[in-house]
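What follows is calculated from the coordinates using simple rules that are stated; it is not laboratory data. All figures in this text were calculated on a predicted structure; none of them were measured in a lab. As a convention, Cβ positions derive from the backbone with ideal geometry for all residues, glycine included, and neighbour counts pool all protein chains shown.
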Amino acid sequence: MTVRSHRADDVVNEVGVWLAGEFAGRLPAGEIDRVVKLTRLDLEGSIASEELGEMLHRLGRARLQRILEPAPAMQLRIPRAR
């Protein structure tokens with residue numbers, strides 16, 4: 001079992017609220033929350049605890065922006081008839 005501090009949970013909640021405000025109307029709140037929580041898990045143990053807020057915001061924001069990016073158009077080449 002992982003022990004988490006209340007401060008870390010507060011930081012995650014604060015970043016979630018901030019990103020929800022930024023991406024409101026473009027992504028569902030549940031998707032934003034899911035990305036923030038998964039990003040926190042990815043960062044856990046990889047960075048200093050005092051850097052959690054900034055890194056969570058930066059990485060979470062980048063991931064949410066990537067979700068909104070349109071998929072690159074496929075280029076389909078059809079051979080010309082002879």
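Once a ≥ b ≥ c are taken as the square roots of the eigenvalues of the Cα gyration tensor of the stretch 20-82, is the result rounded (a/c under 1.5), prolate (a/b larger than b/c) or oblate (a/b not larger than b/c)? Since a/c reaches 1.5 and a/b is larger than b/c, the shape of the stretch 20-82 is classed as prolate. Calculated mean residue ellipticity at 222 nm for the chain: -20500 deg cm²/dmol, from DSSP H runs with n ≥ 4 weighted as -39500 (n - 2.57), summed, divided by the residue count and rounded to 500. Think of each Lys and Arg Cβ as +1 and each Asp and Glu Cβ as -1; about the Cα centre, that makes the dipole of the stretch 6-68 roughly 340 debye.
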